[in-house]
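All remarks here apply to the structure that follows.
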Amino acid sequence: MNKQLLLTFSLALAGWMPAIGQGYAFQLKTAGYHPLENPVLLSDPFDPWDDDEWLLPIGFSFGLFGETYEELLLWQGSLYFGGDSVFLDAFGASLIDRSWHNLGLVSLSPISYQLDGAPGERIFKIEYERAGFWDGALADSISFQIWLHEGKNLIEVRIGPGMVDPQVYQVDGWDGPYIGLANLKTDQYLYLEGDPAMPDLYTDDDNTEGLLGTPAEGTVYRFFPDTLLLGTARPAAPDPLELQIVAKAGVLSVADLPPGNWQRATLYDGLGRGLRHWSLAGSRSANLLLPELTAGFYWVTLSDGRQLAVGRFWAP
């Protein structure tokens, strides 16, 4: 590929991630985990749940993949919107009330929800508290929350305390939970794979290999709408630093990055599909081998866990 490409990047603050491709994009964060206070209990305290489902009003209009929804179906750690074609797998695993492991009559794994905030900025929250696993033991459990943000149409999966034997997942052919978004009607997918602390993105279909182990408490997986595909990246900080990076003869040369513990670079095509990942290992310069590219727009992101460099370029 004997082409020379000029890439212009904008350095943004932590907590901002540019939209990558149509549909939804992804951001990894960390935040303290706090159980819901005085939520509405969904599960029956005296009837341990196993394969139960609940139809819930969201409390506001929530947009996902270009459609608007007023309610959702909650089942097995997944949210379904308007049927079974659009869904969020918040914690894909064989979840069950832990009470089944000791044949108890009282639920040990309550499921609840809550609507917080003022109109226009409300957050619909769902919590699984100490949920168990079909193939686990009484000691295997995970707590997590799902947040839907009004107006922003942003989704967060917040991981709480848990202790899960890896064999619990492996019985079902996994090494950890599967987490991500899917729209079967439009073939749009955004799933997380690999290291839970720095996952790769899988966008081919919903047959993901999942994460390698249980995410740590305080991990926040954020999915948010892509509105920037045809525009320029909008930095969260004023006067962003402009970085010039040159790709020539199939090599992407990154030099003179600002101070930071730069760990990973990722290349996406115009539809948001991840094409290549590189480890930067804290370096402020690198020569990265590019795959063969067809003509079109591409995105590249560089991350150090606190700040993000992002840009778009055209491959002729």
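Can you name every residue in segment 126-175 that is under 30 Å from G63 (Cβ atoms) and either among the acidic types (D, E) or in contact with a Ser or Thr (Cβ under 6 Å, 6 or more places away or on another chain) (or both)? Outline the logic, then answer.
Kept after step one, since they are under 30 Å from G63 (Cβ atoms), are these residues of segment 126-175: 126-129, 131, 142-160.
Of everything in segment 126-175, those that are under 30 Å from G63 (Cβ atoms) and either among the acidic types (D, E) or in contact with a Ser or Thr (Cβ under 6 Å, 6 or more places away or on another chain) (or both) turn out to be E127, E129, A131, E150, E156, I159, G160.
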TODO: Only one of these is over 20 Å from the mean Cα position of the chain (by Cα), in a strand (DSSP E or B) and modelled with pLDDT of 65 or more: L252, L257, L275. Name it.
DONE: L252
- [ ] Go through (1) closer than 16 Å to S94 by Cα; (2) buried (at least 21 other Cβ atoms within 10 Å of the Cβ); (3) out of contact with any helix residue (DSSP H, G or I) (no Cβ under 9 Å at 6 or more places or on another chain); (4) not β-branched (V, I, T) and name the single condition M163 misses.
- [x] (2)
Open item on the list: What are the pairs with Cβ atoms under 8 angstrom where one residue, in segment 156-175, is farther than 17 Å from G194 by Cα and the other, located anywhere, is in a loop (DSSP other than H, G, I, E, B) and among the aromatic types (F, W, Y)? Sequence gap at least six, or different chains.
Closed with: R158/Y33; G160/Y33; P161/Y33
Task: Residue selected from segment 178-196 under the condition in contact (Cβ under 8 Å) with a residue 40 or more places away in the chain and under 12 Å from the mean Cα position of the chain (by Cα), by the criterion surrounded by the fewest Cβ atoms within 10 Å (Cβ to Cβ) - done: A182
Task: Identity of the residue in segment 197-219, among the hydrophobic types (A, V, I, L, M, F, W, C) and surrounded by 18 or more Cβ atoms within 10 Å (Cβ to Cβ), that ends up modelled with the lowest pLDDT - done: L201
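Right, D140: surrounded by fewer than 18 Cβ atoms within 10 Å (Cβ to Cβ), assigned by TED's automatic domain parsing to the domain that holds T30 and within 17 Å of Q76 (Cα to Cα) or not?
Working: surrounded by fewer than 18 Cβ atoms within 10 Å (Cβ to Cβ): no; assigned by TED's automatic domain parsing to the domain that holds T30: yes; within 17 Å of Q76 (Cα to Cα): yes.
In short, no.
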Open item on the list: One residue is enough: does segment 113-131 have a residue meeting the conditions assigned by TED's automatic domain parsing to the domain that holds V40, exposed (fewer than 15 other Cβ atoms within 10 Å of the Cβ) and more than 29 Å from G82 (Cα to Cα)?
Closed with: no
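Quick one: which of L79, L105 is of a type in the set (A, V, I, L, M) and outside any loop (DSSP other than H, G, I, E, B)? Steps first, answer last, please.
Working: L105 fails: outside any loop (DSSP other than H, G, I, E, B).
L79 is the lone residue from the list that is of a type in the set (A, V, I, L, M) and outside any loop (DSSP other than H, G, I, E, B).
The values are calculated or read from the model by the stated rules, or taken from the named source; none is laboratory data. Since we're looking at a predicted model, the values are computed, not measured. Glycine also receives a Cβ, built like all others from the backbone with ideal geometry; neighbour counts cover every protein chain displayed.
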